[in-house]
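First up is the structure itself, then whatever we jot down about it.
The values are calculated or read from the model by the stated rules, or taken from the named source; none is laboratory data. Computed from a predicted model, the values in this text were never measured in an experiment. Ideal geometry is used to build each Cβ from the backbone, glycine not excepted, and the neighbour counts take in all protein chains shown.
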Amino acid sequence: MLTPEDRVKLARHNDRPGITDYLGALFTDFFQQRGDRHCGEDESILGGIARFHDQPVTVLGHRKGKTLEENVACRFGMPNPEGYRKAIRILEQAEKFRRPVITFIDTPGAYPGKEAEMRGQGDAIARCMACMSGLTVPVIAVVTGEGGSGGALALGVANRVLMLENAVYSVLSPEGFASILWKDPGRSAEAAAVMKLTAQDLYKGGVIQEILPEPEGGAHTDYAAVFRVVDEALQRNLTLLSKQSPRALAESCYKMFRAMGNGGKEQS
Amino acid sequence: MTQLFRQRRDRILAYQAMRQGRALSLQQLCCEGCGQESPAMQWNEGLMVCPKCGHHMPLGAYSRLHQLLDAGSFRELDGDLVGRDPLEFPGYPEKLAALREKTGLKESVVTAYGTLRGYGAVFAVLDSSFLMGSMGWAVGEKVTRAVEYAGRHRLPLIIFSASGGARMQEGIYSLMQMAKTTAAITRFQQNGGLYISCLTHPTTGGVTASFASLGDVMLAEPGALIGFAGPRVIEQTIGEKLPEGFQRSEALLENGFLDKIVNRSQWPEVLAQLLALHKGGKSC
Ligand SMILES: [Zn+2]
C-alpha cells in the first residue's frame, strides 16, 4: 500500500508521462497555438487544436519539459500570467467554434516571480477560472501529475475532473503546508498524510469524479497502459457530456463547484 | 416595530464595531508605518489611520460596515454560518472557537445588506484579525451566498478584501472556494450585476487569484500589500531582495491593475459616486 508521501513522489517522477506524451499518443493533427497576444509566449502552458478520434478538440495543459533545457524554459511547469492569458484566448476560441476542451493538469503551482507579480499573476488565474466557469462546451480536466494550488485549478474548472491514481491535488505542496502550519518543511510526509491530497481522498470528498488506474509501480513504468486508460476515459466522458445542452453543461459545472466543501460523497 | 428593529440592529453594529478592529485601551498605540505613538481615541476617530503619518492599519469588518452604512440599514446575512474541519486537522476546531471568543467574529468575513447614502447594496467585508482573513469553506460560502443574494435582488455588490489567501487547515476544500466564488461572480456579472472590489492590506494568495481581482471597478487603500505570491516566497525563488513598494497599491495602480487608490475616510464618497453613476447598479 502506497503512502500519500509515496504518491507525491510518483506524481513528481521525472519520467512520468506529460502533456506532450498524451498529445502524441491520443491525438492527431495537433496545431499549437502560441502567445497571449499582449506580452509573450509561455512554454509552461501548451495548447492548441487537435483531433481526438476524428473530432476537433481544444487541448490545453501544463508542460514541465523533458530535458533540463526544456525544464528551464518551462520553469518546471510553473506558468507566468502570459500562460493563463494564452489559455483564456484558446478557451474563448473553443467556445466560439464549439470545440470540446480537454485539459491536462501537472504543475507545482503558478510561478512566484517578480515579473509574474508585476504582470498580474492573481488577475490572470482569476480570469482563467472565470473563463472556464462560463464555457458551454464540454470540458474535461485530467490531473496527470501534480495539481499544485491555484496554478493548477486555473485549468481545472471543468464538467468532469479525472485523476490518475497516483496524481496529487492540493492547496499547496506538502513542504509548503508543513512550513506554514508547523514552521518545519521537514515534516512534509506528515503533511501529505493529513492534507487529503490523493485521488482516493479527493474522490471521497467530491473534488474529482473519477480515478484512472495506473500500472503497478506508477505511470512511468508502462506508458501504453496509461494511454489506454486515459483514452478510454476521455472518450466515454466526452460521449456523455456531448449529449448535454450547452446550457446544461454550464449549469452542471456551476452546481458542481458550488457544492465544493459541502461534505462530498460521504455526507450527501 | 420596524423602527425598533432598526435601532436594535444599529446598536448591535455599533457594539460590534466598538468591540473589534479598533484601539481598545485608553493608552497609546504605536503606528506600524512611522513608529510614532498616538492616543487610542485619536486612532478610533480616524478609523485606524495613523494621526501622524496617514498609515492605514487594519480595520475590523464591523467597524468598516459601521463607517459605510446608513444608520439603521445594516442587516447581516448568514451571521451564524461557521467553518468546518474537512481535514480533521489537529487543533483547528479549538482554534476557531478561541478566535470566535476573542474577536466577536464568527468567521473571517462579514456579509450584509445595507444602504450607503441611500443606495442599497450587498457587502462582504473580510477581517484580517480572524486567521489572517483566510478563505476556507465558510468564507467561500458566505461570499458566494452574498453574490447570489445580490444577483437575486438585483443589487450591486461591494467586497472589501483582506486576506492571507486560502485557509491551509481546510486543504483542497479551501482551494476549491476560489473556483466557487469566481463562478458566482462571473455569473453575477454576466447578468449585468455591478461588482466593486476594494482591496485592503493585505490581499494575497487565493483571494487575489479569485474574486478580489474580478471587480468591474478595482479600488484599493493606500500602501496595501496586494499580490498572489507572498514577498518572502518570491525573494526565495529569485534569490534577490524585492524593491521598496513592490506589490503595494501604488505599484499596482502604475502597472494597470487598479482604477483608483482611496483613502479610508473617502470610501463613502467614492462608492456613492460609483453607485450613482451606475444608477444604483440596478440596471441589470
Ligand atoms: Zn504613522
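Annotations
- Within region B:49-61, the residues that satisfy the criterion of being without any contact (Cβ under 8 Å) to a residue 60 or more places away in the chain and either among the aliphatic types (A, V, I, L, M) or touching a helix residue (DSSP H, G or I) at 6+ places or on another chain (Cβ under 6 Å) (or both) are B:51, B:57.
- Residue match in region B:65-80 (condition: within 16 Å of the ligand (Cβ to nearest atom), surrounded by 17 or more Cβ atoms within 10 Å (Cβ to Cβ) and aliphatic (A, V, I, L, M)): no
- The lone criterion from (1) within 16 Å of the ligand (Cβ to nearest atom); (2) without any contact (Cβ under 8 Å) to a residue 24 or more places away in the chain left unmet by residue B:90 is number (1).
- For region B:236-260, the set of residues classified as within 23 Å of the chain's Cα centre (by Cα) and either among the hydroxyl-bearing types (Ser, Thr, Tyr) or part of a helix (DSSP H, G or I) (or both) consists of B:249, B:250, B:251, B:252, B:253, B:254, B:255, listed by residue number.
- Breaking point among (1) over 17 Å from residue A:45 (Cα atoms); (2) acidic (Asp, Glu); (3) more than 11 Å from chain B (Cβ to nearest Cβ), for residue A:106: (1)
One line per residue, one yes/no per condition, for (1) under 18 Å from residue A:256 (Cβ atoms); (2) surrounded by fewer than 24 Cβ atoms within 10 Å (Cβ to Cβ); (3) of a type in the set (Phe, Trp, Tyr):
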| position | (1), (2), (3) |
| --- | --- |
| B:149 | no, yes, yes |
| B:153 | no, yes, no |
| B:159 | no, no, no |
| B:169 | no, no, no |
| B:181 | yes, no, no |
| B:204 | no, no, no |
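- Applying the condition of being within 13 Å of the ligand (Cβ to nearest atom) and closer than 21 Å to residue B:130 by Cα to region B:38-54 and asking which residue is farthest from the other protein chains (Cβ to nearest Cβ) yields B:43.
- Only residues that are more than 30 Å from residue A:188 (Cβ to Cβ) and of a type outside the set (Asp, Glu) were counted in region A:9-65, giving 28.
- Residue-level check: of (1) part of a helix (DSSP H, G or I); (2) at pLDDT below 95; (3) touching a helix residue (DSSP H, G or I) at 6+ places or on another chain (Cβ under 7 Å), residue B:65 misses just (2).
- For region B:270-284, filtered to residues that are loosely packed, with under 13 Cβ neighbours inside 10 Å and on the phi < 0 side of the Ramachandran plot, the residue that is modelled with the lowest pLDDT is B:283.
- Residue B:75 being touching a residue at least 24 places away in the same chain (Cβ under 8 Å), more than 14 Å from chain A (Cβ to nearest Cβ) and of a type in the set (Lys, Arg): yes
- Entirely in region A:149-253, the strands (runs of 3 or more DSSP E) that have 1 or more residues that are touching a helix residue (DSSP H, G or I) at 6+ places or on another chain (Cβ under 6 Å), at pLDDT 95 or above and within 14 Å of chain B (Cβ to nearest Cβ): A:160-164, A:168-170
- If you go through region B:131-162 and keep only what is closer than 22 Å to residue B:102 by Cα and in a loop (DSSP other than H, G, I, E, B), you end up with B:134, B:136.
- Among the residues of region B:261-277, none qualifies, meaning not one is within 14 Å of chain A (Cβ to nearest Cβ) and part of a loop (DSSP other than H, G, I, E, B).
- Scanning region B:204-218 for residues that are assigned to a helix (DSSP H, G or I), facing chain A (nearest Cβ under 7 Å) and under 20 Å from residue B:233 (Cα atoms) returns B:206, B:208.
- Residue B:255 vs. criteria away from every other protein chain (no Cβ under 13 Å), of a type outside the set (Val, Ile, Thr) and loosely packed, with under 15 Cβ neighbours inside 10 Å: no
- Selection from region A:113-137 of residues that are closer than 14 Å to residue B:186 by Cα, within 8 Å of chain B (Cβ to nearest Cβ) and either part of a loop (DSSP other than H, G, I, E, B) or modelled with pLDDT under 95 (or both): A:134
- Residue identified as within 18 Å of residue B:215 (Cα to Cα), within 16 Å of the chain's Cα centre (by Cα) and buried (at least 24 other Cβ atoms within 10 Å of the Cβ) among B:122, B:110: B:122
- Residue list for region B:16-34, restricted to those being farther than 19 Å from residue B:109 by Cβ, away from the ligand (no atom under 13 Å from the Cβ) and either modelled with pLDDT of 75 or more or loosely packed, with under 15 Cβ neighbours inside 10 Å (or both): B:24, B:25, B:26, B:27
- Flag if residue B:120 is in contact (Cβ under 8 Å) with a residue 40 or more places away in the chain and within 14 Å of chain A (Cβ to nearest Cβ): no
- Number of the condition not met by residue B:228 [criteria: (1) within 11 Å of chain A (Cβ to nearest Cβ); (2) assigned to a helix (DSSP H, G or I)]: (2)
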